[in-house]
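The values are calculated or read from the model by the stated rules, or taken from the named source; none is laboratory data. For clarity, every value in this text was computed on a predicted model and none was experimentally measured. Here the Cβ positions follow ideal geometry from the backbone for every residue, glycine too, while neighbour counts run over all protein chains shown.
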Amino acid sequence: MEVTTRHFRQSSARACRDVNLRAVLDHTTRYFQSKRQASLETFEGRDAHFARARAARLNALSRLPELLEQLEANAIAAGTIVHWAADAAEARAIIVGIAKAASARVIVKGKSMVTEEVALNPALEETGAEVWETDLGEFIVQLAGEPPSHIIAPAVHKSRQDVVELFAEKLNLHGESIPELTLLARRALREKFLSADMGVTGANMAVAETGSVILVENEGNIRMSTTCPRVHVALMSLEKVVATMEDAADLLRVLPRSATGQRMSSYVSVLTGPRGEGETDGAREMHLVILDNGRSEVLADPVLREALACFRCGACLNVCPVYQTIGGHAYGWIYSGPIGTLLSSLLLPRSETRDLPFGCTLCGACKRTCPLSIDHPKLMLALRERTAGGGGNPIGAAHALLARHPLAYRMAVGAARAVDPRLDLLARLPGLPGLSRFVDSRRPPELKTPFTARRRKKTQKERS
Amino acid sequence: MHAHLFVPCLVEDCQPEAAEAVVAVLEHLNVEVRHPAGQTCCGQLAYKTGDLKNARRLAARYLDVFAAPGPVVCPSGSCAKMVRTYPALFAPGTSEHSRALDLAMRTFEFCEFVAGLPGADSLGAELATRACYHGSCQLQDQTDDGAEAPRKLLRGVRGLTLVEAERPDRCCGFGGIFSLQFTAVSEALVEDKCREILALEPDILVSAEPSCLMNISGHLARLGRPLPALHVAQVLAAGLKKETPPWK
Amino acid sequence: MSGAATESRAAILATLRKGVAAAPFAVPAPPARPASVSVTDSVSGDAWERLAAVLAPLEVRLRMAGTRAEAAKHVADIARERHASTYTRWDTALDGLGLDEALSSLTRLAPGCCQELAQADLGLALAHGALIESGSMVLVAAPGQHRAASLLPPASVILVPRRALLPDVSYLPALLVRHSVNGKLPACLNLITGPSSTADIELVLVRGVHGPGVLDLVGLDWDD
């Protein structure tokens, strides 16, 4: 998809004005929050499980090069073909190569953010193959020609009526109720699964000690994509590796609860190599593509690398007041919300993402919600510092200059009080568009007799 | 016992009554209040715009302003939090770093400080009012006791009915520089907050964060539904006098 | 591996090594994993009852069988309720339960390609593990234990031997080891927790989007 992160300010303002979107977001984020909350209330030993999950992720990051080599060796031993992709173009080339070698005419895809990240679909389509997103939400946004708007629920921004019209227009399939529409999608995609030559999925994690890829889902489309077609390709961003199956089990205890409030997602597949001898289904050929795309550079930054600990439960999106207000599309790339702001800033060119870390009130709701205790606000500030590059915002810099000199500071405030005690005029000076907009919707505070003067007067009175 | 009063810039010039109330409550609890000279800004604005150089300079100033030993008390959760961030601004091993650690340890948000004082449980404040408390997100990062302190103090005021908006800890949309750069989002958030507050039909709006008070009350005023916006200290001080002042 | 790919591999690993060396991690030791509630913990109630309680909100029904005949009867009942006329099942693992006799009025489809199995109305498989805490059935694929049996038919039946009962997902590593053959891990292990589901349209829950819409369990409550 086209990267439009540089228009974040404008697109967020546009999203705010979309009344329907606001209603959908309100409903969605409340829904996920209440599911999650209910599930966590009955989660025995929650804090210990969260801490173990965090340790599993951080431990993996701390041993990343070694674990990736171990993963590679064990995956190869299990019969998986392993590829390394430095960037999106390499990942596309590798997977297109696999598709061509397999003469793949129909390709089915499981939901995967990382395949969106490398813009895989258009590249596969160029080979002449049909490419089908098979997660219901992804299928809907694919038909609509839109990117997903939420990590967990890609089509939350679409109403039932939208889907009715979309299915009629694009598939000539007619249904009204949500179960009917779901059944139509099942039938349409069932055909594709059965005729597919290749299945492409992401990977929720990969286990170094066994060479396994673990996939977590609710619909069964990922199981279909890995069971029916001859070839299975898993595209994994490199930070998703964990050291042991024990670590993976610890993460599985936390991920579904935090994402959807389920004790376990409907389907978890632990895939270790292609089908064994004598088996009648499962891919005959399994590929694991390990993708970097800018992540390895982040590992040297002691603060920002914490973003790589994320396992994409999406909980931070649902609690973020900004995400709740503008939704996923306004962020301008596939990743949205607090973690999306961090990932986009780390993976895209800096010139494209200057505004992203400022689109955050630093309220910390994300940090308090994250099961892995990722300190999003701290990382947001580190990114702001990187963007500011020593300088700051002009208003902030002027304020800081004055604040370093108390006399000048007092004189400036005194002067302001003399000409504009209600602060209505100063805020409207040209060159401060944000400030004038601010005072349009908030009556500015009055400049009163300062506390210091009041206190001095009071002490003098008491003395005399 | 004595304490040094740290007056946030917004309070100094726009809500001086809050600082006066802090003095009244502390003195009522037999704390001698000192007010170190030379206070301007703790560096929060610079820090949050990514301007670490200026944040560091202002932090270094405050290490001097508050060099004298003894607790530092501030009627703002976010400013107190900024001082707790100071150690991260200086390299470990430097004298600034150790002074920053010391200052961070002895800096308290007003409510958390008062709640820990002897006599806080029996302040004897009394005020017949329906108060909507806004629990600023900036106080959430404190210990649970710190985040709960304002509620605890307000519950101790006889006659006061404490109500909280539907999503009490949700951000009001201010976020400093955020409100200037993402004006539409900021406005949408303060609209949400005001709607939820007005639904409770309170007499007053109370918070321990002056910037939230400014943001929310400013929008309420533009809506034509103004509410007295008070710092927790102002409510306590009024309650100690047992009279409702003509809130401004 | 092509030349370019080898190059990328080396470059990625080198950057990662440099990163770890530049800023070594300090990973605090995690707390101990909270103890699992054991299967035989009578204080928490009967294991089967606990499993049934976890599965109830997922609309999964657990029927208990004390004998092979009872199990076969349950399966026949389920087939009737689901209006099934064809079925597919795991081989050896389920032999000896008399299932084919109980389903003699139905056509059994042999395992093979997905196209054919997609015609089956009912799929029968065996749980190698049943995780009480989450209600997850653990199914290990192997010759005669095809993956499609629990995936393609609209109605899925999983038979759960008493010995399969386990506390929770912390037993996953042990299960994989137990089902390894000559040190080779099974190519596919699935945790199945309830029927296939989606809430992708307006967050309305619908069962059975790509996988089975209904899941029935039969507890085989005897020692073997």
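Structural remarks
- Residue in region C:74-89 that is outside any helix (DSSP H, G or I) and of a type in the set (Val, Ile, Thr) present: yes
- Enumeration of residues in region A:414-451 that are farther than 17 Å from residue B:174 by Cα, crowded, with 18+ Cβ neighbours inside 10 Å and not aliphatic (A, V, I, L, M): A:450, A:451
- For region A:141-164, a tally of residues being at the interface with chain C (Cβ under 7 Å from one of its Cβ atoms) and either without any contact (Cβ under 8 Å) to a residue 40 or more places away in the chain or not in a loop (DSSP other than H, G, I, E, B) (or both) returns 3.
- Among the residues making up region A:183-209, those that are buried (at least 20 other Cβ atoms within 10 Å of the Cβ) and of a type in the set (S, T, N, Q) are A:201, A:204.
- If you filter region C:129-152 down to residues that are facing chain A (nearest Cβ under 9 Å) and part of a strand (DSSP E or B), you find that the one that is surrounded by the fewest Cβ atoms within 10 Å (Cβ to Cβ) is C:142.
- Reported count of residues in region A:117-140, each being of a type outside the set (Asp, Glu), within 21 Å of residue A:236 (Cα to Cα) and part of a loop (DSSP other than H, G, I, E, B), is 3.
- With respect to (1) closer than 25 Å to residue C:54 by Cβ; (2) under 22 Å from the mean Cα position of the chain (by Cα); (3) at pLDDT below 95, the lone exception for residue A:42 is condition (2).
- Which listed residue is within 28 Å of residue A:193 (Cβ to Cβ), small (Gly, Ala, Ser) and either over 19 Å from the mean Cα position of the chain (by Cα) or within 14 Å of chain A (Cβ to nearest Cβ) (or both), from C:123, C:96, C:45, C:66: C:123
- The one condition in (1) surrounded by fewer than 24 Cβ atoms within 10 Å (Cβ to Cβ); (2) more than 20 Å from residue A:56 (Cβ to Cβ); (3) outside the structural domain of residue A:382 (by TED's automatic domain parsing) that residue A:329 fails to fulfil: (3)
- Filter result for the condition that a residue is out of contact with any helix residue (DSSP H, G or I) (no Cβ under 8 Å at 6 or more places or on another chain), of a type in the set (Asp, Glu), more than 15 Å from residue C:202 (Cα to Cα) and touching a residue at least 60 places away in the same chain (Cβ under 8 Å), over A:125, A:116: A:116
- Per the conditions (1) touching a residue at least 60 places away in the same chain (Cβ under 8 Å); (2) over 21 Å from residue A:82 (Cβ atoms), the sole criterion not satisfied by residue A:300 is (1).
- Failed condition for residue A:31, given (1) within 25 Å of residue C:134 (Cα to Cα); (2) touching a Lys or Arg at 6+ places or on another chain (Cβ under 6 Å): (2)
- Taking the conditions (1) of a type in the set (A, V, I, L, M, F, W, C); (2) more than 18 Å from the chain's Cα centre (by Cα); (3) assigned to a helix (DSSP H, G or I) in turn, residue A:114 satisfies each one other than (2).
- The conditions of being over 27 Å from residue A:193 (Cβ atoms) and among the charged types (D, E, K, R) are not met by residue C:147.
Conditions tested, residue by residue: (1) farther than 24 Å from residue B:126 by Cβ; (2) in a helix (DSSP H, G or I).
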| site | (1), (2) |
| --- | --- |
| B:159 | no, no |
| B:175 | yes, no |
| B:180 | yes, yes |
| B:191 | yes, yes |
| B:195 | yes, yes |
| B:221 | yes, yes |
| B:225 | yes, no |
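- In summary, residue B:166 fulfils each of the numbered conditions (1) touching a Pro at 6+ places or on another chain (Cβ under 8 Å); (2) in a loop (DSSP other than H, G, I, E, B) with the single exception of condition (1).
- In region A:35-50, the residue that is farthest from the other protein chains (Cβ to nearest Cβ) out of those that are free of Cβ contacts under 8 Å to residues at least 40 places away in the same chain and assigned to a helix (DSSP H, G or I) is A:41.
- Filter result for the condition that a residue is within 29 Å of residue A:100 (Cβ to Cβ) and of a type outside the set (Lys, Arg), over A:178, A:222: A:222
- For region A:349-362, the set of residues classified as touching a helix residue (DSSP H, G or I) at 6+ places or on another chain (Cβ under 6 Å) and over 16 Å from residue B:50 (Cα atoms) consists of A:352 only.
- Residues that are away from chain A (no Cβ under 14 Å), basic (Lys, Arg), in a loop (DSSP other than H, G, I, E, B) and surrounded by fewer than 22 Cβ atoms within 10 Å (Cβ to Cβ) occur at least once in region B:104-115.
- Test: residue C:103 is surrounded by 24 or more Cβ atoms within 10 Å (Cβ to Cβ) and of a type outside the set (S, T, N, Q): no
- Residue in region A:398-442 that is nearest to the other protein chains (Cβ to nearest Cβ), counting only those that are outside any helix (DSSP H, G or I) and under 36 Å from the mean Cα position of the chain (by Cα): A:442
- Any hit, region B:88-99, residues being assigned to a helix (DSSP H, G or I) and touching a strand residue (DSSP E or B) at 6+ places or on another chain (Cβ under 7 Å): no
- Selection status of residue A:219, part of a loop (DSSP other than H, G, I, E, B) and in contact (Cβ under 8 Å) with a residue 60 or more places away in the chain: yes
- Condition met for residue A:180 (without any contact (Cβ under 8 Å) to a residue 12 or more places away in the chain, surrounded by fewer than 17 Cβ atoms within 10 Å (Cβ to Cβ), closer than 28 Å to residue A:262 by Cβ and charged (D, E, K, R)): yes
- Set C:216, C:224: member being more than 9 Å from chain A (Cβ to nearest Cβ), at pLDDT below 95 and out of contact with any Gly (no Cβ under 8 Å at 6 or more places or on another chain): C:224
- Only one of A:96, A:108 that is surrounded by 22 or more Cβ atoms within 10 Å (Cβ to Cβ) and either in a strand (DSSP E or B) or at pLDDT 95 or above (or both): A:108
- Of all residues in region C:25-50, exactly one satisfies the criterion of being small (Gly, Ala, Ser), surrounded by 16 or more Cβ atoms within 10 Å (Cβ to Cβ) and not in a helix (DSSP H, G or I), namely C:36.
- Breaking point among (1) under 13 Å from the mean Cα position of the chain (by Cα); (2) modelled with pLDDT of 90 or more, for residue B:142: (2)
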